[in-house]
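Below you'll find the structure, written out as structure tokens, and then a few comments.
The values are calculated or read from the model by the stated rules, or taken from the named source; none is laboratory data. None of the values given here were measured: they were computed from a predicted structure. Cβ atoms come from the backbone with ideal geometry, glycine included; neighbour counts cover every protein chain shown.
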Amino acid sequence: MSKIDWITQELEGLKSQGLYNRIRTIGSPQGAWLIVDGKRVLNFCSNNYLGLANHPVLVKAAKKAIDEMGVGPAAVRSIAGTTTLHVELEKRLAAFKGVEAAITFQSGFNANVATIPALVGKEDVIFSDRLNHASIIDGCRLSGAKIIAYEHCDVDSLESAIRENLSQYRRAIIITDGVFSMDGDVAPLDKIYEVARKYDILLMVDDAHGEGVLGKGGRGIVDHFNLHGKVDVEVGTLSKAFGVVGGVVAGNAVIIEWLRQRGRPFLFSSAVTAPDAAACIAAIDLLESSTELVDKLWENARYFKAEMKKLGFDTGVSTTPITPIMLGEAPLAQQFSRELFEAGVFAMAIGYPTVPQGKARIRVMISAAHSKEDLDRGLEAFAGVGRKLGVLR
Ligand SMILES: *Cc1c(COP(=O)(O)O)cnc(C)c1O
């Protein structure tokens, strides 16, 4: 017996339950079509909502930044790794989102892991939506605070958890995803804000899937609900609609200043590179100059969802471009995904533990990069596989 036999057994277990993640290799830039494991397929997997990941304006900005600043930051932000581009990006993000200040991180994951432990500790309590993203959960655990999960998007459940527990703790924070990435539903942030205000509790939203998608010209969930100045902490990512990489925390200037002093991934891990920062600035330029890409994203999403429903698929509760196709058991979802791939469509099967048991699905990620012909190709493939596997009659 070797000391890693248990891992081999666990891996075998995942494979037999249809839960083993076979990771595909991409051999092309991101876009409506991809070369995946050597095959050209229609891309329904990426978070590249606006098609910015290979946009010529961003690519040009990144190249210019490489010529002027090189490729590596060579130190953490707090020592010698804060370039003029990082500072400019933070100013531009704050202005774009209409907040006092913003700080960037290496990723959205790190933004959560930095922010939560900086704001709450052992004597405090976190009220967390039951379906919050893994990076929120990890940030909560790292903080050492008491974590109380309330029912998903349920403001009554949140309020009764607060009433029962608040008095036993020093400080409290409510944390919710903005758009939930597996179901595509949106947190009732206006109602959550009312509760936060009533009990005078900090409010934090992780808008990773709402940044560049929701609100005026993609300004995010706070803009969508017209809650400017009312949400204390807005976390976002620059890796989804923004098309690059990085995380951001936007909001109250005092909180942002505190994160520069106490956000551990900011202090102890190097930042995104100068070309990343320059490409993000170019993305903001594009978003501020026109709503065309955001409009196209929503037009595509509405069309695709309506046509999928007409075909007879269950697209769940999504109100955003995230389109889950509910299938039930994980092996069926995996087989569906494999058949789609054979038909030239790359769409991911998602099963437990990412979603609950029995709620396996294919998740289709719609993008402004898709043309109507692309979407029609996808619909045709879904119809064919759906009939073949008996999902559609
Ligand atoms: C994707 C996502 C993240 C992580 O963002 P990265 O920049 O890829 O690390 C964090 N939170 C939520 C809600 C997400 O959907």
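Just a few scattered comments:
- Being touching a His at 6+ places or on another chain (Cβ under 9 Å) and either part of a loop (DSSP other than H, G, I, E, B) or hydroxyl-bearing (Ser, Thr, Tyr) (or both) is a property that ASN47 has.
- From ILE136, ILE148, residue being among the aliphatic types (A, V, I, L, M), within 16 Å of the ligand (Cβ to nearest atom) and in contact with a helix residue (DSSP H, G or I) (Cβ under 8 Å, 6 or more places away or on another chain): ILE136
- In the range 92-128, the qualifying residues are those that are of a type in the set (Phe, Trp, Tyr) and away from the ligand (no atom under 16 Å from the Cβ), and the one that is surrounded by the most Cβ atoms within 10 Å (Cβ to Cβ) is PHE127.
- Matching entry among ILE103, ILE148, ILE173, ILE136 (being in contact (Cβ under 8 Å) with a residue 40 or more places away in the chain and over 20 Å from the mean Cα position of the chain (by Cα)): ILE173
- On the stretch given as the range 96-127, residues that are in contact with a Cys (Cβ under 6 Å, 6 or more places away or on another chain) and closer than 25 Å to SER290 by Cα total 0.
- Comparison of GLY210, GLY236 shows that the only residue that is at pLDDT 95 or above, assigned to a strand (DSSP E or B) and buried (at least 24 other Cβ atoms within 10 Å of the Cβ) is GLY236.
- In the range 220-245, the residue that is farthest from the ligand (Cβ to nearest atom) out of those that are more than 12 Å from ILE103 (Cβ to Cβ) and among the charged types (D, E, K, R) is LYS230.
The rows are residues; the columns are (1) part of a helix (DSSP H, G or I); (2) in the same structural domain as SER181 (by TED's automatic domain parsing); (3) touching a strand residue (DSSP E or B) at 6+ places or on another chain (Cβ under 7 Å).
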site	(1), (2), (3)
ALA283	yes, yes, no
LYS305	yes, no, yes
LYS309	yes, no, no
GLY384	yes, no, no
ARG393	no, no, no
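- Residue in the range 246-266 that is within 16 Å of the ligand (Cβ to nearest atom), in the same structural domain as GLY98 (by TED's automatic domain parsing), surrounded by fewer than 19 Cβ atoms within 10 Å (Cβ to Cβ) and small (Gly, Ala, Ser) present: no
- Scanning the range 29-41 for residues that are free of Cβ contacts under 8 Å to residues at least 12 places away in the same chain and part of a loop (DSSP other than H, G, I, E, B) yields one hit, GLY38.
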